[in-house]
1. For the ranges 210-222, 443-455, 412-424, what's the packing order if you count other beta-carbon atoms within 10 Å of each residue, average per peptide, and put the highest first?
2. By per-residue mean of other Cβ atoms within 10 Å, what is the highest-first order of 88-98, 284-294?
3. Order the following by accessible area, largest value first: D249, D201. Probe radius 1.4 Å; ligands, DNA and RNA are ignored.
4. Can you give me the Cα centroid spacing of the stretch 159-181 and the stretch 1-76 in angstrom?
5. Based on the alpha-carbon gyration tensor of the stretch 381-439 and its eigenvalue square roots a ≥ b ≥ c, which shape applies: rounded if a/c is under 1.5, prolate if not and a/b is larger than b/c, or oblate?
6. Restricting to DSSP H runs of at least four residues, report the calculated mean residue ellipticity at 222 nm for the chain, -39500 (n - 2.57) per run over all residues, nearest 500 deg cm²/dmol.
7. Which percentage, to the nearest 5, of the DSSP beta bridges contained in the chain is antiparallel?
8. Let me know the shape class of the stretch 11-99, please: from the alpha-carbon gyration tensor, a ≥ b ≥ c as square roots of the eigenvalues, rounded when a/c is under 1.5, otherwise prolate if a/b is greater than b/c, or oblate.
Amino acid sequence: MSEILKNVRSALDAAEKLNPELNAFLSIDRESAEESAEQAADGSGPLNGVPVAVKDNICTKGSRTSCGSRILGDYRPQYDATAVSRLKKAGAVIIGKTNMDEFAMGSSNENSAFGTVKNPWDTSRVPGGSSGGSAAAVASGIVRAALGSETGGSVRQPASFCGVVGLKPTYGRISRYGLVAFASSLDQIGVFGRSSADVADVLGAIAGRDEYDSTTADVAVPDYRASLSSGVGGLRIGVPRALFGEGLDGEVRESVEKAIDGLESLGAEIVDIDLPHARYAIAVYYIIATAEASSNLARFDGVRYGFRAEGAHELREMYFKTREEGFGAEVKRRIMLGTYVLSSGYYDAYYAKAQKVRTLLKRDFLEAFEQCDVIATPTSPSTAFRIGEKSDDPIAMYLSDIYTASANLVGIPGISVPCGISGEGLPIGLQLLGPYWSEDRLLASASCFETSFPLTGRPNVHAES
Ligand code: GLN
């Protein structure tokens, strides 16, 4: 048996063994993974034979793509997302599709129609969301890397909760073709890895202009792996101290401050910066994201995709019943919110206003990047919370995106890298944000940090234990 097939089988075995406990995968595709592994035996792509997992809102030809929702039923796309076809071309072997908050709406995975994902460090806790399944699959050692998606932090926040590296690229860096739309001006596919090097390899394989997505940019894709060793010598790291106050857990704060000191000891220069509009990011995000979602999700009507409710007597009733039965509570809440902020009479007060503040926020970041090369913050204000702890309080849940949402609103890249373990044994994430197209710089900084200050400790649920 080839080495590749052996590796792929052991990833499949681990996924099957751990899934009853973690619920990280919605489907595990042994047959097609083994077939691809056999083909990869003669391949030479940069990811040749590497087992990876893909979030279930990214289309995979012929295999179920549910978005964590009942409304898509047994939808099987007729095409691969560009990110998926590029992964395959690079030789990667997709072993399965990962669980997620319904339509990527959530910060805990509790909104999945198929049950919550458990955090491998402590199964009574959430893995973060919405790409919690991908984060858990990487953290538990099932795969080295996985794709997720980001609208407001859904790769970085679960990466932080699960102690892995998570990157959200510049808007337009990775094609959205085949990514089921949530909020199109914010959505990007993102990458999880056990290390920055894993993320660099996957990003390099999938990034770049795609004729199927006109919002991808014609910006050259650098060799991310080659720039990984550039270090942080002379790098100016901006710290927005005003954001380190209210709502931030004490231990997270301490750990992130220590990490910033650590970067300084590695040769970086620390500068104070101000992002005066960052405190509006959550309000702006939840107006713009819900507005766009209410429009994007109009297509799920029982006619075009998947599920259709039974027993309707006429068309409108069929639409109502299908959407009533097919969508979960959070998705309905957001469709209603989004419809409200776009409605005549409220449009100017909410949607138009939010767009204006979005521009101010963008200006804040452009000005900050005149004084620094990278911005450092916590990824999330807390460590992984308990399952059920915030599920009845949408506002508390929304606030967990406070550090991540800005990058999506502005379109800049961000990375979360593990920077410590809390007293309760839970990982803490450091977030680094950079100017447009600075993924290479972010990866190099994260790599320098993780090799100098590796995380001590390992998840309780792990493929190798
Ligand atoms: N937690 C945020 C939300 O619920 C972000 C989701 C995302 O990035 N997909 O919308």
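1. Most protected by this proxy first, the peptides run 412-424, 443-455, 210-222.
2. 88-98, 284-294
3. From most accessible down to least: D249, D201.
4. Between the Cα centre of the stretch 159-181 and that of the stretch 1-76, the gap is 18 Å.
5. oblate
6. -11500 deg cm²/dmol
7. On the way: 32 of 46 bridges.
Counting DSSP beta bridges with both partners in the chain, the antiparallel share is about 70 percent.
8. Verdict is oblate for the stretch 11-99.
The values are calculated or read from the model by the stated rules, or taken from the named source; none is laboratory data. As the structure is a computational prediction, the values presented were derived from the model and not from experiment. Cβ coordinates were reconstructed from backbone atoms using ideal geometry, including for glycine residues, and neighbour counts include every protein chain displayed. All accessible areas refer to the heavy atoms of the entire protein, side chains included, with ligands and DNA or RNA removed. Shrake-Rupley method; radii C 1.70, N 1.55, O 1.52, S 1.80 Å.
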